[in-house]
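Note sheet for the following structure.
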Amino acid sequence: MKLYCLSSDAAKPCFVLSFKELLIMLDCGLSAHSVLNFLPLPPVPSTRLASLPNYTPPHVNDPLLEGELKECCGRVFVDSIPEFCPPLDKVIDFSQLDVILISNYTCMMALPFITEETGFKGQVYATEPTLQIGRFYLEELSEWVSAPGGGGAARRWKELVHLLPAPLASAARPRAWRRLFGPAALARALARVRVVGYDERVDVYGALDATAVSSGFCLGSANWVLRSAHEKVAYVSGSSTLTTHPRPINQAALRGADLLVLAALTQTPAHNPDHMLGDLCVHATVTLRAGGSVLCPVYPSGVLYDLLECLSAHLEGAGLAHVPLYVVSPVADSSLAYSNILAEWVSVGKQARVYLPEEPFPHAALVRAGRLRHARSLHDDAFSADFRQPCVVFCGHPSLRFGAAVHLVELWANNPAHAIIFTEPDFPYAEALAPFQPLSMKAFHCPIDTSLNYSQANKLVRELRPRELALPEQYAAGGARPHISADVPTVVVRRGAARSLAVRRRAARATLCGALAARAAPRELRAGLRCAALSCALRVRDARLELLAPPGPAAPAPRLHWSALDVEALVRALAREGVAEARVEAGAEGAIVHLPRHDTLVHVERHATHVFCEGRADVRQALRRALAACLPHI
């Protein structure tokens, strides 16, 4: 068994497991840190961004580089449509992948890069919320990136990256960065996904079963358990033991695995999610009371549901119930509506509200009360007519490189009364704000990441007790104090590497045809164990083993000997065969039977017998008959 790592971002993992002649991809996360090197794509033309000065490296006179780089407050950006860093495509041939298992919608954004234009013919499995909300994410990104007004295709700078200032000079493999696929390719990729439910066993080409179990991280998030007749592999990605809106984590299904693959732990281990949520409410309240508005660049799902619930309640308690909440996203309507029909995937407390009947989430009631409004874009007529300040606006993208958030930052940047609050942990907030400097509006960093932190992960590993643990190198870093320290053999994997695992196939399960079953005469070896010798033909088809009756007349079954050798019985059997004068020397590892007249030694161990014979052929035949007479057989 081998494990390949195709992603450098541990929070957006992509592994390939070689298991029982199958190639199984575990998640296909898309690293978006590369977009921070690009200028934002404003939804409306920006005079400020267009007037930024061009940058040319010193002592470089290359006309092809003209206009590709812009400078803002000492930082150099690429003036082009932002590009992403997909999983490595040179380590594994994607056309050979048999199955892709997706744990949650934050770890499926690279799916089109795996399935489209690669010859991929395998199966993709995910839960229904993962598929639908992942669709929202990809459609939103596609609409932003394909919007008119974006920069051209800047490529020359990648050839001269070593001459550019930091952080562009240290960009990881910029030639491998790629633009997002178009809407048609995204639709084809999502059409490949087959929906599964929690605890539903999926047969993977007859070789093993794959089961999705709740991970407690977000709606529909799952950990995967791969089980064959004799091996068990658990994949834990994006899990949480906190009490939030999803169903809680199912730890029982993960216990006792031969291999545990651990990924997507918290990106902000020093920040408590509850404290960050409280800080956000305080910052928003202070800003609104001072007459300013609040901008929260967020994804269209996930933590957004908790933010709407907690912030609306806090503002009502602070006497600010009249402040409107806006959600601006191309998929805002679909995301908010879809979340309230997912009773199967939410916590027990929210499930109970469904049977009252009430919506699991309060944002439907906020919409009916007029406190929450949503729109596809800032220039929607209905939204523009209703928009009033002070307010709280939730919109994307957290990187501030595309989406409605770009225009709002441009609009409010020079007003210190306004504030922007970062809650998503995927991007450093200072780098996200770099193209908008100098900035007068207040900026707060309140990252909310409910994934397992390092102490919770260590506790989980101790409780699950796997025989072997595999994890990305980021979690094993730290020198003398590693982040994840378990009392089990640990394999550390890094991007582009393949690591052999300790799990070895030692047995396989096969089916027996009726003719052979009728012919078998089992003999009891010990209590609870019966065995029979068979002559048969082995057929392997679709990873299934079948034992069939051989063609032609039935051959006599071979005689199979078993059990340890009784030395005293061997001496008696040799005497019956005419081989006398045997001397026995007992030892710690067994006994040695010495036949000096025939220049022969028989070394008897617990699990083996070694014969050293320099005698005649008739002596060897006598030894063989004596050994066969002393051993039970079937």
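Computed from backbone phi, the HN-Hα couplings of region 29-46 come to x, 10, 6, 10, 4, 5, 5, 5, 8, 10, 6, x, 9, x, x, 10, x, 10 Hz, rounded to whole numbers (Karplus: 6.51 cos²θ - 1.76 cosθ + 1.60, θ = phi - 60°; Gly and Pro given as x).
With only the Cα atoms considered, region 1-48 has a convex hull volume of 89 Å³ per residue. Peptide packing for 128-135, 286-293, 574-581 was compared via the average number of neighbouring C-beta atoms within 10 Å per residue; ordered from the highest value, the list is 128-135, 286-293, 574-581. Rounded to the nearest 5, the antiparallel percentage of DSSP beta bridges internal to the chain is 55%.
Whole number in Å², please: accessible area per residue of the chain, 1.4 Å probe, ligands, DNA and RNA not counted.
Accessible area per residue: 45 Å².
Our estimate of slack between Arg368 and Asn54, defined as 0.36 nm per intervening residue step minus the Cα-Cα distance, is 108.1 nm.
Relative to its residue count, region 279-324 spans a Cα convex hull of 73 Å³ per residue. The long axis of helix 128-145 is offset from the longest Cα principal axis of the chain by roughly 50 degrees.
What FRET efficiency do you get for Val491 and Ala321 if R0 is 41 Å and r is their Cβ-Cβ distance, rounded to the nearest 0.05?
0.15
Given 10 Å bins starting at zero, what is the percent of C-alpha pairs of region 482-634 in each, up to the one with the largest pair distance? Bin by bin from 0 Å, the calculated values are 8, 24, 20, 21, 18, 7, 2, 0. If you count Lys pairs in the chain whose Cα atoms are under 21 Å apart, skipping same-chain pairs closer than 8 places in sequence, the total is 11.
If R0 is 51 Å, what FRET efficiency do you get for Asp380 and Arg467 from their C-beta distance, rounded to 0.05?
0.35
Each peptide in 505-513, 136-144 was scored by the mean count of other Cβ atoms within 10 Å over its residues; highest first, the order is 136-144, 505-513.
Please give the helix 303-317 orientation as an angle from the longest Cα principal axis of the chain, in degrees from 0 to 90, rounded to the nearest 10. Rounded to the nearest ten degrees, it is 50. Simple spin-label estimate for Ala569 and Arg616 gives 2.9 nm between the two label positions (7 Å along the Cα-to-Cβ direction from each Cα). Against the chain, whose longest principal axis comes from its Cα atoms, helix 617-630 is set at around 70 degrees. Taking the accessible area of region 1-55, probe 1.4 Å, and keeping the other protein chains in place, the carbon and sulfur fraction comes to 56%. The alpha-carbon atoms of region 27-104, seen along their principal axes, cover 49, 32, 19 angstrom, with the largest extent given first. In units of the compact-protein estimate 2.2 N^0.38 Å, region 574-623 shows a Cα radius of gyration of 1.11. Approximating the spin labels as points 7 Å out from Cα along Cα→Cβ, the Asp62-to-Arg509 distance works out to 5.9 nm. For region 17-32, backbone nitrogen atoms closer than 17 Å to the point 7 Å from Thr118 Cα along Cα-to-C-beta are found at 17-19, 22-32. Given a cut-off of 23 Å, what percent of all Cα-Cα pairs of region 170-315 lie beyond it? Cα-Cα pairs in region 170-315 separated by more than 23 Å: 57 percent.
Of the peptides 316-324, 302-310, the ranking by mean beta-carbon count within 10 Å, highest at the top, reads 302-310, 316-324.
Expressed as a fraction of 2.2 N^0.38 Å, the C-alpha radius of gyration for the chain is 1.29. Taken along the Cα-to-beta-carbon direction at a fixed 7 Å, the label points for Glu585 and Ala629 span 2.6 nm. The Gln389 and Tyr205 beta-carbon pair, evaluated with R₀ = 60 Å, returns a calculated FRET efficiency of approximately 0.55.
The values are calculated or read from the model by the stated rules, or taken from the named source; none is laboratory data. As the structure is a prediction and not an experimental result, all values here were calculated from the model. So basically every Cβ, Gly included, is an ideal-geometry build from the backbone, and we count neighbours across all protein chains shown. What goes into the accessible areas is simple: the full protein's heavy atoms, side chains included, and nothing from ligands, DNA or RNA. Shrake-Rupley method; radii C 1.70, N 1.55, O 1.52, S 1.80 Å.
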